[in-house]
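The values are calculated or read from the model by the stated rules, or taken from the named source; none is laboratory data. None of these values were measured; they are calculated from a predicted model. In this analysis, Cβ positions are derived from the backbone assuming ideal geometry, glycine residues included, and neighbour counts consider all displayed protein chains. Side chains are part of the model used for accessible areas, which takes the heavy atoms of the whole protein and leaves out ligands, DNA and RNA. Shrake-Rupley method; radii C 1.70, N 1.55, O 1.52, S 1.80 Å.
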Amino acid sequence: MSATISNNDSALKLLLAFVPEAQKDLAVDSVADQLSKLTLDGQQVEGTNSVAQLLAAKYNSALAGNTDAEKAEVSQWLTMSARHGQSERQVFAQTINEHLAGKTYIVSNCITLADIVVFGNIHAFMETLSAQKRFNWSNFSRWFDLIQHS
């Protein structure tokens, strides 16, 4: 089993850190300017979301959601995270902030792929936020801090 992780794919790097069993099983290579790929049990997939979903299925299925509704919502957030490029990160962060009102995690009462992948994709943006913006987006900031220290 092998994985090729793009140097700028912080979401998958974070997921691998969160699932140490995968690190033991996989031969991981880092590459530049290439889609991340995973070959697992003869099946090859490309792209952050596909690789993340396959790793979750193999090593920790609860990360993908425990019910059909949670699985669909995780998939929705993975798609939204992939669609919001760097120029749209502010809009996406605001969406997350509003969604997290009264919630701890994006999808369920525990960490899922949605939290891990969204965090990985938005981490660099968070570092650019002013203290005032972090204060204004208190739900987003609280969630970010929680995931960062999980």
Kirkwood Rh and Cα Rg combined as Rg/Rh, segment 109-150: 0.97
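Counting each DSSP H run of 4 or more residues in the chain as -39500 (n - 2.57), what helix-only mean residue ellipticity at 222 nm follows after dividing by all residues, to the nearest 500 deg cm²/dmol?
-17500 deg cm²/dmol, from helical runs alone.
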Whole-Hz couplings from phi, Karplus 6.51/-1.76/1.60, listed for segment 123-133; x for Gly and Pro: 4, 4, 5, 4, 5, 8, 6, 6, 4, 5, 5
Alpha carbon convex hull of segment 6-84, projected area averaged over orientations, nm²: 5.3 nm²
Segment 18-103, dipole about Cα centre (Lys/Arg Cβ +1, Asp/Glu Cβ -1), debye to the nearest 20: 120 debye
Nearest-0.05 FRET efficiency for Ser138 and Asn66, computed from C-beta distance (R0 30 Å): 0.60
Simple Cβ-charge dipole of segment 1-66, Lys/Arg +1 and Asp/Glu -1, about Cα centre, in debye nearest 20: 140 debye
Per residue accessible area of the chain, 1.4 Å probe, in Å²: 52 Å²
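Carbon and sulfur atoms: what percent of the 1.4 Å accessible area of the chain do they account for?
Answer for the chain is 47 percent, counting heavy atoms of protein chains only.
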As computed over segment 81-141, the Cα convex hull volume per residue (Å³): 77 Å³
Net charge dipole size for the chain [Lys, Arg +1 and Asp, Glu -1 on Cβ; Debye, nearest 20]: 340 debye
Cα-based Rg and Dmax for the chain, where Dmax is the largest Cα-Cα distance (Å): 15.1, 49
Residue-by-residue Karplus 3J(HN,Hα) for segment 4-21, coefficients 6.51, -1.76, 1.60, Hz, glycine and proline x: 10, 10, 4, 4, 9, 8, 5, 4, 6, 4, 5, 4, 4, 5, 7, 10, x, 4
Relative contact order computed over the chain (Cα-Cα under 8 Å; 6+ residues apart), in percent: 23 percent
Projected area, mean over directions - segment 30-71, Cα convex hull, nm²: 3.5 nm²
